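The values are calculated or read from the model by the stated rules, or taken from the named source; none is laboratory data. Just so it is clear, the model here is predicted, and its values are computed rather than measured. Heads up, the Cβs are rebuilt from the backbone with ideal geometry, glycines too, and the neighbour counts pull from every protein chain shown.
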Amino acid sequence: MRIPARWLRCALSTLCVVLLLPLVAITPARAAVTPTGFGEQVVFTGLNSPTNVAFSPDGRVFVAEKSGLIKVFDSLDDPTPSVYADLRTEVHNYWDRGLLGLALHPDFPTDPRIYVLYTHDGLIGGPTPKWGTPDTDADPCPSPPGPTADGCQVSARVSVLNANGAEQVLVEDWCQQYPSHSIGSIEFGPDGYLYAGGGDGASFNYVDYGQDGYTASDTTPDNPCADGQAPVGATLTPPTAEGGALRAQDLRTAGDPATLDGSIIRIDPETGQAAPNNPLISSADLNARRIVADGLRNPMRFTFRPGTNELWIGDVGYSTWEEIDRVVVPTAGVTNFGWPCYEGAARQPGYDGANLNICENLYAAGSSAVAAPYYAYRHADKIANTCTSGSSSISGLSFYKGGNYPAAYDGALFFSDYSRKCVWAMMKGSNGLPDPANIQLFASGYGATRLQSGPGGDLFTVDYDGGRILRYVYNGTNNPPTAVIQADPSSGPTPLTVTFDGTASNDADGDPLTYAWDLDGDGVYDDSTAATAQHTYTTTGTVTARLRVSDGKTSSTTTTQINVANTAPTATITAPGPALTWKVGDAINFSGSATDPEQGTLPPSALTWSLIMHHCPSDCHTHTITSLTGAASGSFTAPDHEYPSYLELKLTARDAQGLTDSKSVRLDPKTVKTTYATTPAGLPVTVSDKSGTSPLGVTTIIGSSVSVATDPTPNAANLLYRFGLWSDGGPRDHNLVAPATPKTYTAAFGLKRNLARGRPAVASSVYLAGREASKAVDGSMSTAWSSARSDPQWFQVDLGSVQVVNRVMTNWLSTAYAKSFQIQVSGSGRTWKTVASSVGGDGGTDNIKFTANYARYVRLVMTKRAVAGSYYSFWEFGVFQDTGPATGIGGKCIDVYQALTADGTPTTLYTCKGSVNQQWTPSTVDGTIRTMGKCLSARATALNTPAVLWTCDNSPGQRWIPQPNGAFVNAAANLCLDATGGSSANGTKLILNTCNSALNQKWVLP
């Protein structure tokens, strides 16, 4: 049989770490509870990927499993649950998708309704299941469309279940393309209304603004969620793209319906409609009415501070930060936490580098437009100098509401990190709020995906990987001992002699231990009081052996299973072998078998395969992609994932008595080193989540999708550049597929014309000789203008003629910069118009863009110095335009013949006269050069092909690659734009010619 990539998925994004549910440490630490007097009790075991737990006043305990099953235990002492509801057909259980949210009605069990939040295996309003098979535990994502390529599109639901488990859907939304950042918690607030949270549904492998870089499949088209005002099937490009992670900022975009991705909603639990007094309750958009917080990446867990309506959110981060966010009054206004434009309190480099309108507008609105995290921890840092650093994903959040714990814990905020496998308590400060400066390690050794208050006020946690529900109990000043059994052997033929060793049992207080054994399984601890014991079993069957240890004050027990007359099976993986390496998209065949001493060769139904991604950005964590039961062979498609990482294929065989054996094979990927350069060198580039100056080297898995971006108008000292084209022909922001061999991708930039260079300049004052105004327009970074030591001051440059201007760049000298200033323009030098201003200047280089204006004179008015008593001073002052003349040999302009706009109209050299047919706008996105709404184009690739005006059609012949020497290479022909015959005479036609560095191939553009 062939199992397609449907049962495969990649791990989290950068820092897949930031992914949620299936992350687990490679080397599990022994569980530990740190504070004196606390103990850890295992309440329930044997669960299958539990995600949530809820406690009823009548003693029942409800547990949600990721597959969609809700199980109920009659009490904390009930070891065997029953199935309360089966939502597996409705739930898409894949990667981080599944049933994650569970809440009982506040009047439960009088009102027996249970509320759930899950990933729905279907499109919004579409049939179920779209990808899976009814009533099965695991769901696929076939390839195509592929989990991290085009994505298996799904949605999510808030539903209510009645006493019989029947479902009523309250909200169906959260369009999701990729298999993480799905949904999370559902909780009743102190106000009696229902709150639910969902992630952005975007890619974790690259900066996702709605592009995927893959050929659209019939199953999942481009822009599948119809983000922004673009229809399904449209290609989204910067700066106008509004898809991917930008869905979390949907309220900031007009003209399209709001989605719930990346938000927390507050709804009426009866109807699913917006709750009264919501911030946007008067909006015509039903979803906008529901939202109380947005700008969130993956708000997997949230909680409420006791005695208040404050909402506290754990938002899983991307490449650098995990956040705990606070909404003081959910009804006061929608609180925007900034994702993806911000991560932590700072701009997110990848999305900042993509220069998207949504983020640029948010940055321009200032820091007050977003709420900073209440507490954030960096992936590279330890928390309170405890546990590991590196892989991180905040996964649990709960306030201690009072009970048996010491009073110091009242009001403490407990939080867990699934990847770091630790739980901490942020203790209450003097102001009554959790104090980030007082964080204590509380427990460690497993990944908790839920922290929940339960009976007696004790804190309970969900151990997803261990299939357990745990309880933290306080026993006064004494720590209870921990019982540990080692049995050798634990299975075998009769007579079976087993040696039991309890010496690994321990007591945190160092008290001496006493031992009591029940070795015959009769429930009475009367078989031995030694630390080690031996027993011979002669009767076929399974015996539960027990050990009780006591420190003289309290005791604890543990058990182990002894299988008599039964030996564990042996699993064998026959393919693939460890020598196999893979690239993204490879089909990897697998096969295996198992034998058992009692049963012989086990049937395929006894075999379970698991595909696990190991991601090692610093320390390693694992991410279970999917599992398959009942197959001896098949295949999977290798997933896309950030490097360093590798796959583990595990085969588990289970015999009729439940004994198991597992074997694994490690499969390493094929990798490639790619380099991202710029001309000139040293300009900024962003590759997926990594940003830096070029050249930037990155190692990726061959076939991975990589997002690349760069600044549209970066500066190097006093020189301002504009982006032209990437060497692969791609626009400024685009995705590429990692090649099979090392390769360099180069972003070509052209130098922008500085209209102020060498022009007459005057100033309100000069500090001393040698610091005159002319020194700031001489092109040198070793001379500067300096003012007198007083406010205000001004600096002015005469451009010589009226020009269209829209940008000013100032290279400030050290701390002699303006905190407050205005940029003014004038056509006559008598009346002035303020076109830009700032009250938050911070020195360095200011590159300020404003609405285009006609001006001959440009003035900088400075009203507040950064350092009192200092002067104003800058090395260089530049004035630029994004639209203007394109000049070549002899200072002549590129001219469209007779200002005609018909396709095929030739371009020539002509004396510059400022006419519309000489005004060109070089794109900083895709390498085109435009005028009068059309593009400079070469319609063929042969020598002497004329350069003409043509309707813009995104063809390579309309893309021009700027060269360091001022030439422009046509992307289709690899030939240069050339003034015929080296002539500068009016009417000289422009053609394509072999590049030769002559003057007639050098051009100066805006």
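List of remarks:
- Filter result for Val879 (of a type outside the set (Phe, Trp, Tyr), closer than 28 Å to Met809 by Cα and surrounded by 14 or more Cβ atoms within 10 Å (Cβ to Cβ)): yes
- Condition check for Val925: modelled with pLDDT under 95, surrounded by 15 or more Cβ atoms within 10 Å (Cβ to Cβ) and aliphatic (A, V, I, L, M): yes
- Residues being of a type in the set (Ser, Thr, Tyr) and touching a residue at least 60 places away in the same chain (Cβ under 8 Å) - total across the range 710-726: 2
- Qualifying residue in the range 765-773 (condition: surrounded by 17 or more Cβ atoms within 10 Å (Cβ to Cβ), under 30 Å from Gly966 (Cβ atoms) and at pLDDT 95 or above): yes
- Listed here are the strands (runs of 3 or more DSSP E) enclosed by the range 908-992 that have at least 3 residues being among the hydrophobic types (A, V, I, L, M, F, W, C): 934-938, 947-950, 976-979.
- Among the residues making up the range 543-576, a single one is among the basic types (Lys, Arg) and either more than 20 Å from Gln486 (Cα to Cα) or outside any strand (DSSP E or B) (or both): Lys553.
- Only one entry of Asp173, Asp191, Asp200 meets the criterion of being modelled with pLDDT of 95 or more, in contact with a Lys or Arg (Cβ under 7 Å, 6 or more places away or on another chain) and of a type in the set (D, E, K, R), and that entry is Asp200.
- Hits in the range 951-989 (condition: touching an Asp or Glu at 6+ places or on another chain (Cβ under 7 Å) and either crowded, with 22+ Cβ neighbours inside 10 Å or among the basic types (Lys, Arg) (or both)): Arg959
- Filter result for the condition that a residue is touching a Leu at 6+ places or on another chain (Cβ under 8 Å) and surrounded by fewer than 19 Cβ atoms within 10 Å (Cβ to Cβ), over Thr554, Thr629, Thr544: Thr629
- Candidates Thr810, Thr783, Thr834, Thr851 - the one that is of a type in the set (S, T, N, Q), within 20 Å of Ala717 (Cα to Cα) and out of contact with any Leu (no Cβ under 8 Å at 6 or more places or on another chain): Thr783
- When residues of the range 43-66 are limited to those that are of a type in the set (S, T, N, Q) and modelled with pLDDT under 95, the one farthest from the chain's Cα centre (by Cα): Thr45
- Every test in (1) aliphatic (A, V, I, L, M); (2) at pLDDT below 90; (3) closer than 24 Å to Tyr214 by Cα; (4) part of a loop (DSSP other than H, G, I, E, B) is passed by Leu123 save one, and that test is (2).
- Residue ranges of strands (runs of 3 or more DSSP E) in the range 632-686 with at least 3 members over 30 Å from Gly492 (Cβ atoms) and touching a Lys or Arg at 6+ places or on another chain (Cβ under 9 Å): 633-637, 671-679
- The number of residues in the range 489-525 being without any contact (Cβ under 8 Å) to a residue 12 or more places away in the chain and either in contact with a strand residue (DSSP E or B) (Cβ under 7 Å, 6 or more places away or on another chain) or of a type in the set (A, V, I, L, M, F, W, C) (or both) comes to 2.
- Of Tyr214, Tyr206, all but one fail to be out of contact with any strand residue (DSSP E or B) (no Cβ under 6 Å at 6 or more places or on another chain), part of a loop (DSSP other than H, G, I, E, B) and touching a residue at least 12 places away in the same chain (Cβ under 8 Å); the exception is Tyr214.
- Residue that is at positive phi, of a type outside the set (A, V, I, L, M) and assigned to a helix (DSSP H, G or I), where the choices are Gly432, Gly411, Gly456, Gly403: Gly456
- When Asp137 is tested against (1) closer than 26 Å to Ile291 by Cβ; (2) buried (at least 17 other Cβ atoms within 10 Å of the Cβ), only condition (1) is not met.
- Cβ-Cβ contacts under 7 Å between residues 6 or more apart (or on different chains), taken from a first residue in the range 774-795 that is within 14 Å of Arg865 (Cα to Cα) to a second residue that is surrounded by 16 or more Cβ atoms within 10 Å (Cβ to Cβ) and among the basic types (Lys, Arg), are listed as Ser786/Arg771; Asp791/Arg865; Trp794/Arg859.
- Pairs, first under 30 Å from Tyr318 (Cα atoms) in the range 394-410, second small (Gly, Ala, Ser) and surrounded by fewer than 22 Cβ atoms within 10 Å (Cβ to Cβ), C-beta under 9 Å, six or more apart: Ser398/Ser453; Phe399/Gly411; Phe399/Ser453; Tyr400/Gly411; Tyr400/Ser453; Tyr400/Gly457
- Strands (runs of 3 or more DSSP E) wholly inside the range 733-829 containing at least 1 residues that are outside the structural domain of Gly914 (by TED's automatic domain parsing) and at positive phi: 793-812
- Every condition in (1) touching a Lys or Arg at 6+ places or on another chain (Cβ under 8 Å); (2) closer than 22 Å to Leu356 by Cα is met by Thr699 except one, and the failing one is (2).
- Given (1) touching a His at 6+ places or on another chain (Cβ under 7 Å); (2) buried (at least 18 other Cβ atoms within 10 Å of the Cβ), index of the condition Glu648 fails: (2)
- Pair list, Cβ < 6 Å and 6+ apart or interchain, from the range 301-315 residues that are under 18 Å from Leu194 (Cβ atoms) to residues that are among the small types (Gly, Ala, Ser) and not in a strand (DSSP E or B): Phe304/Gly189
- Candidate set from the range 933-967 (those that are out of contact with any helix residue (DSSP H, G or I) (no Cβ under 8 Å at 6 or more places or on another chain) and of a type in the set (Ser, Thr, Tyr)); member that is farthest from Leu900 (Cα to Cα): Ser955
- Hits in the range 262-275 (condition: of a type in the set (S, T, N, Q) and in a strand (DSSP E or B)): Ser263
A quick yes/no check of all residues on (1) touching a His at 6+ places or on another chain (Cβ under 7 Å); (2) farther than 25 Å from Glu40 by Cβ; (3) buried (at least 16 other Cβ atoms within 10 Å of the Cβ); (4) not hydrophobic (A, V, I, L, M, F, W, C):
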{"position": "Thr499", "(1), (2), (3), (4)": "no, yes, no, yes"}
{"position": "Ala504", "(1), (2), (3), (4)": "no, no, no, no"}
{"position": "Asp507", "(1), (2), (3), (4)": "no, no, yes, yes"}
{"position": "Ala530", "(1), (2), (3), (4)": "no, yes, no, no"}
{"position": "Thr539", "(1), (2), (3), (4)": "no, yes, no, yes"}
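- Cβ-Cβ contacts under 6 Å between residues 6 or more apart (or on different chains), taken from a first residue in the range 359-381 that is under 19 Å from Ser837 (Cα atoms) to a second residue that is of a type outside the set (A, V, I, L, M), are listed as Leu362/Cys341.
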